[in-house]
Amino acid sequence: MKKILKYKLTLLIIICSCANPQPPSGGPADKTPPEIVAFEPASGVLNFKGGSIIIEFSKYMNKSKVRENIFISPSAKLDFDWSGKELGIEFLEELSPDKTYALTLGTGYSDLKGNKPTEAFTLIFSTGNVIDSGTIKGKLFDATPSGIYIYAYKIDSMNVDTFDIRNNKPNYWTQIGTNGNFLIMALKDGTYRLIAIRDQFKDEIYSEGADAFGAPVRDVTVINGSAPEVKLKIGPPIDIIKPQLYTAYSTSDRSIEVSFSEAIDPSSLSKNSFVISDSAGSQLRAINSLYPDIENKSKIIVFASGPLDTAVKWKLTALANAENCPRDTIGFCIDDTANTAYFFSDTSIDSTLPSVISSPFPDSTYDLPINQQFEFIFNMSVAEENFKDRIKLIKSADSSTAGFDINFISGNDFELIP
């Protein structure tokens, strides 16, 4: 019995080790970027009549990621077939005559260990006896440039006044690697508009509100095959979403903490920006003051002019499409489909005393400029009526007073202007 068990165990080990070959465990992790070690046809070949392209990699690749990052310009229908480290790319339609083609493998693909290439690969060939040899090279400065696309639009014969990257697809493109360098090849002489896009949907167009983008300060002109080197940066996606009112939560019998989907511009807030009513809209309660939350700019604190009945379901409405509407830091007014919230009043009585929580500079500071303005922030809203009468600006030398103006930035934030 023991011999049988021993043989069965030995056979099991042999079967398992043969079925799933793996490199020996241990040793340093593989962090070597994959490389293209061979390709056919050669780059720059003329009068190309073949029906396929072959690319050989230095490592076993993530096949689906490679396919996602292959582009050809002008466009052509492609099919893919793998054999080990070798990729065959077949043309499913006849290529156009006398055309220069650029097949680009971007930088978003990886090997089976997740290693990405340092830069894009482009194979150029022509179906005629001439190669368009123009190039645009440059560098994009970004903390994580890998995967960003550089789209080039030939604008010589285009009406640039109607040109819109939200609708127009590029004539040429490439993808940036980890070092930020890029090279667009096989260009005709002419003027090109370049856009750097972190194309989230990989649809070759700029999706407003989703894609980060950047552009050089001017268009690029290719003359006799060359152009000045391009340097550019990429910025965040442009905010096109209106702020929404999420919740209203009572913190005392007259104070309400209001949360929004994003930071709200304090200068857009006033007592006329909101309405407090019962859920039916028949009872209205005046607002005494409001101010932004000190730590969270997407929250504000609203004070009713008097205690709110705890037995009533209250509704807070942010006015939309109005001059006094709450706005985000971009300037968008509150979304009129998400501008209300319901709450019940808390039973606790608000007894917090006002205090200054932020001053423009420490006490006994000297050498201030003579046009200094003083900003003070309180822990709560303060009554603006006759507020100036409660402040004095005194000259220490002779105890005389100096004149000043008061500018309220929000209910708890004001500037004293000598």
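Figures for the structure shown
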read-out: Extreme residue, surrounded by the fewest Cβ atoms within 10 Å (Cβ to Cβ), among residues of the range 332-348 that are assigned to a strand (DSSP E or B) and of a type in the set (Phe, Trp, Tyr); value: TYR342
read-out: First in the range 280-293 and under 17 Å from THR317 (Cβ atoms), second anywhere and of a type in the set (D, E, K, R) and in a strand (DSSP E or B), Cβ under 8 Å, 6 or more apart; value: GLY281/LYS315
read-out: Members of the range 151-177 that are touching a Gly at 6+ places or on another chain (Cβ under 8 Å) and either within 21 Å of LEU140 (Cα to Cα) or not assigned by TED's automatic domain parsing to the domain that holds GLU204 (or both); value: LYS154, THR174, GLN175, ILE176
read-out: Close pairs from the range 384-411: first touching a residue at least 40 places away in the same chain (Cβ under 8 Å), partner of a type in the set (Lys, Arg) and surrounded by 10 or more Cβ atoms within 10 Å (Cβ to Cβ), Cβ under 9 Å, at least 6 apart; value: GLY411/LYS271
read-out: Those residues of the range 230-242 which are part of a loop (DSSP other than H, G, I, E, B) and either β-branched (Val, Ile, Thr) or over 17 Å from TYR149 (Cβ atoms) (or both), in sequence order; value: ILE234, ILE238, ASP239, ILE240, ILE241, LYS242
read-out: All positions within the range 261-289 that are under 34 Å from the mean Cα position of the chain (by Cα) and either assigned by TED's automatic domain parsing to the domain that holds VAL382 or acidic (Asp, Glu) (or both); value: GLU262, ASP265
read-out: Residue count for the range 377-403, restricted to those that are over 15 Å from PRO418 (Cβ atoms) and within 49 Å of the chain's Cα centre (by Cα); value: 13
read-out: Hits in the range 51-73 - residues which are loosely packed, with under 13 Cβ neighbours inside 10 Å and in a loop (DSSP other than H, G, I, E, B); value: GLY51
read-out: Residue check for LYS3: exposed (fewer than 10 other Cβ atoms within 10 Å of the Cβ), over 30 Å from LYS113 (Cβ atoms), of a type in the set (Lys, Arg) and modelled with pLDDT under 90; value: yes
read-out: Of all residues in the range 349-369 being loosely packed, with under 12 Cβ neighbours inside 10 Å and within 30 Å of GLY281 (Cα to Cα), the one that is modelled with the highest pLDDT; value: ILE349
read-out: Cross-chain or 6+ apart pairs with Cβ under 6 Å, the range 157-172 first and within 12 Å of TYR206 (Cβ to Cβ), then modelled with pLDDT of 90 or more and outside any loop (DSSP other than H, G, I, E, B); value: ILE165/ILE195; PRO170/TYR151; PRO170/ALA152; PRO170/TYR153
read-out: Hits in the range 247-260 (condition: surrounded by fewer than 17 Cβ atoms within 10 Å (Cβ to Cβ), part of a strand (DSSP E or B) and either β-branched (Val, Ile, Thr) or assigned by TED's automatic domain parsing to the domain that holds TYR149 (or both)); value: THR247
read-out: Top-ranked residue in the range 74-97 [being small (Gly, Ala, Ser) and touching a strand residue (DSSP E or B) at 6+ places or on another chain (Cβ under 8 Å); ranked as surrounded by the most Cβ atoms within 10 Å (Cβ to Cβ)]; value: ALA76
read-out: Qualifying position, being within 18 Å of the chain's Cα centre (by Cα) and not assigned by TED's automatic domain parsing to the domain that holds ARG327, among LYS188, LYS202; value: LYS202
read-out: Any chance PHE374 is among the aromatic types (Phe, Trp, Tyr) and in contact (Cβ under 8 Å) with a residue 40 or more places away in the chain; value: yes
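The values are calculated or read from the model by the stated rules, or taken from the named source; none is laboratory data. Bear in mind that the values here come from a model prediction, so they are computed numbers and not experimental data. Neighbour counts are summed over all protein chains in view; Cβ atoms, including those assigned to glycine, are modelled from backbone coordinates with ideal geometry.
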